[in-house]
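Encoded as structure tokens, the structure appears first; notes follow it.
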Amino acid sequence: MADTSSVAELKSLDAGRPFEALLLLRKLTNKTASNGNPFLSLEFGDRTGSFNATLFNDHPKFFELKAAGEGTALKVGGRTDYYQGRFSPKMSEITILSESELEASGNLSALVEVAPEDPVAMWTEFEEFIEAISHEKLRLTVRSVFDELGDAFRTAPAATSMHHAYRHGLLEHTLHMARAAKALLPLYPEADPDLVIAGILVHDTGKVTEYEGALGARRSRKGILQGHVVLGYAIVRKAGIVAHLDADRLERLEHIVLSHQGEPAWGAAAWAATPEAVFVSMIDNLDARMGMVQRALRTTPETETFSERLMGLQTTLLTAPIPQATK
């Protein structure tokens, strides 16, 4: 009999074990093999983790799955297997579930990965960072941004796959950056604290529009055509003008949004060219990478010494705990 398992449980099974699982198709990429045959590179997951798999064009569900696209709920059956040390099961049965079927089953919450911290507590702390901005019109600008975005910011993911790619992930990522900035700002008095905190809080707000999808995040039309940097810039500029923020501060705040990705090759519209923009860009990179680390530590089975390869870090991660010191 097949084991009905979560992703975390599947990864702990030996190769060759039959299984059934309820999974979310998080990512689908069309590719072509060296022999010219098409295949699908897929990422499946639930709230406990994710894994990658390949589906070739001779699979009976190839075209159906290709048409269904990202954000589709699936009932999958097959046998566990591993390829080059990574969990890569052989899938024999794939059934596409409608959202109504999924809701009726009562398993919706099992599919959607969420941030490990309580979202209500995170938002309370987030609002405290807004209120701590001492410059009145800068504070009003930031408040206006989040009044416009509403609940969408609190539930949005921070990415589709790289880091904080789950429900409430954008709130978690932004809050972690604000915490890190609060600790580090005393070491760098050259950076204006109000501008840094304001810039951190609004830097990724364009992602609320960039991503869409109730089950799995995918890029929207605006996300593809404009990207979250430009979308965020527009949101912040509008709020600053309405709040009558002085031109110099508004330009510096806009610059933080435009440059926070670090390099044009990574999506930045400009290189960071103010003390505050350099600071925010570095904190953003730090938390993005440590977010990958934190998720790998949460989702890698205790039986494994290393995580699967993390594309954002270009390596696997040693997840085994440090041995306790002996007296």
Considering only the range 48-69, state which residues are surrounded by 16 or more Cβ atoms within 10 Å (Cβ to Cβ) and touching a Ser or Thr at 6+ places or on another chain (Cβ under 8 Å). THR48, GLY49, SER50, PHE51, ASN52, ALA53, LEU65
Would you mind finding the one in GLU125, GLU93 that is among the charged types (D, E, K, R) and in the same structural domain as LYS27 (by TED's automatic domain parsing)? GLU93
Checked the range 121-171 for anything among the β-branched types (Val, Ile, Thr) and at pLDDT 95 or above; matches are THR124, ILE130, ILE133, THR141, VAL142, VAL145
Across the range 154-175, what is the number of residues that are buried (at least 22 other Cβ atoms within 10 Å of the Cβ) and part of a helix (DSSP H, G or I)? 7
Qualifying positions in the range 224-247 - touching a residue at least 60 places away in the same chain (Cβ under 8 Å), among the aliphatic types (A, V, I, L, M) and either surrounded by 14 or more Cβ atoms within 10 Å (Cβ to Cβ) or in contact with a strand residue (DSSP E or B) (Cβ under 9 Å, 6 or more places away or on another chain) (or both): ILE235, VAL236, ALA239, ALA243, LEU245
Run down ALA272, ALA288 and say which single residue is buried (at least 16 other Cβ atoms within 10 Å of the Cβ), out of contact with any strand residue (DSSP E or B) (no Cβ under 8 Å at 6 or more places or on another chain) and modelled with pLDDT under 95. ALA288
Exception for LEU250 within (1) in a helix (DSSP H, G or I); (2) surrounded by fewer than 18 Cβ atoms within 10 Å (Cβ to Cβ); (3) over 15 Å from the mean Cα position of the chain (by Cα) falls at (2)
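What is the residue count in the range 181-211 for residues that are under 23 Å from PHE146 (Cα atoms) and either polar (S, T, N, Q) or crowded, with 16+ Cβ neighbours inside 10 Å (or both)?
Taking the range 181-211 and keeping what is under 23 Å from PHE146 (Cα atoms), we get 181-182, 192-211.
Filter once more, keeping what is either polar (S, T, N, Q) or crowded, with 16+ Cβ neighbours inside 10 Å (or both): 181, 192-211.
Residues in the range 181-211 being under 23 Å from PHE146 (Cα atoms) and either polar (S, T, N, Q) or crowded, with 16+ Cβ neighbours inside 10 Å (or both): 21 in total.
The values are calculated or read from the model by the stated rules, or taken from the named source; none is laboratory data. Worth saying up front: this structure is predicted, and the values here are computed from it rather than measured. Glycine gets a Cβ as well: all are built from the backbone with ideal geometry, and neighbour counts include every protein chain shown.
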